[in-house]
Structures are given as C-alpha cells and as structure tokens.
Amino acid sequence: MKFRTLATVLVVAALCVMRAQEKSVTVTGYVLDSACAFIKNLKKPVSADCALACAKAGSPLVILADDGTIYWPISRAMPATGENLRLMKFAGQRVIASGKVFQRSGSRALVIEKIEAAPASK
C-alpha cells in the first residue's frame, strides 16, 4: 500500500513538473518555410506562393515571430503528426497564434491551440 501511495505521489509530481515547463503564449509573425528562415535569413516570406511551394515539397512551415524568434509548430498527439497541412492556408501570411510553448536547447516549439490571420497593417 505504501508503494502504491508513493508511486501516485511521484506520478503527480512528474506531471506537475511537465506542466510547469509549458507556458502559454501568443505569437504574431509570418508563416514561412523553415529553410528560408534559416538559409536566407528572411524577415518575412518572399511570397505566399513560394512558402506554399516549399511546404508542398516537404519543408516544414514555421512561425517567424515579429521579434525574430522561430517557433516550430508541433503536435501534442502521440504519435506526433506534422502541422504543415494545418498551416498551408496561412503560408506566406502574418498570423496570430496562441498555444503552449516548449523550449529546449535554444529551440522553441509551439502546440497551436488557436491560429488566425493577423489584421492587415495600416
């Protein structure tokens, strides 16, 4: 019985630590091809058609936030699923995305809970 209680306490503690590592954020930025974000050091996509063509060819889409931070969209599902299909309609556009962010070794991943086109700039 003591073992079962200890095991329950350890599981609850582990879940609390995992949840503490998650942080809810709202990110505003461009959806673009990950290779362009790194190789070409773009601040915004060349065009929506370019971002879409790269995504259709298999390059992961990322969100390049206005502050220059790159967020890798990830799935919470296990086994994980790619997020490109979900992001294709936003390729090359500015978006507002909110969800849970995870950080590891300088990388940021975002489990997107909500995403929508950002209002046009004036």
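The values are calculated or read from the model by the stated rules, or taken from the named source; none is laboratory data. Because the structure is predicted, anything quoted here is derived from the model rather than measured. Glycine also receives a Cβ, built like all others from the backbone with ideal geometry; neighbour counts cover every protein chain displayed.
Under the condition of being under 12 Å from the mean Cα position of the chain (by Cα) and either among the polar types (S, T, N, Q) or buried (at least 18 other Cβ atoms within 10 Å of the Cβ) (or both), the residues counted in region 75-94 number 4.
Considering the conditions (1) assigned to a loop (DSSP other than H, G, I, E, B); (2) surrounded by 15 or more Cβ atoms within 10 Å (Cβ to Cβ); (3) modelled with pLDDT of 90 or more, G68 is excluded by exactly one of them, (2).
The condition of being exposed (fewer than 13 other Cβ atoms within 10 Å of the Cβ) and either modelled with pLDDT of 95 or more or β-branched (V, I, T) (or both) holds for only one of A109, A117, that being A117.
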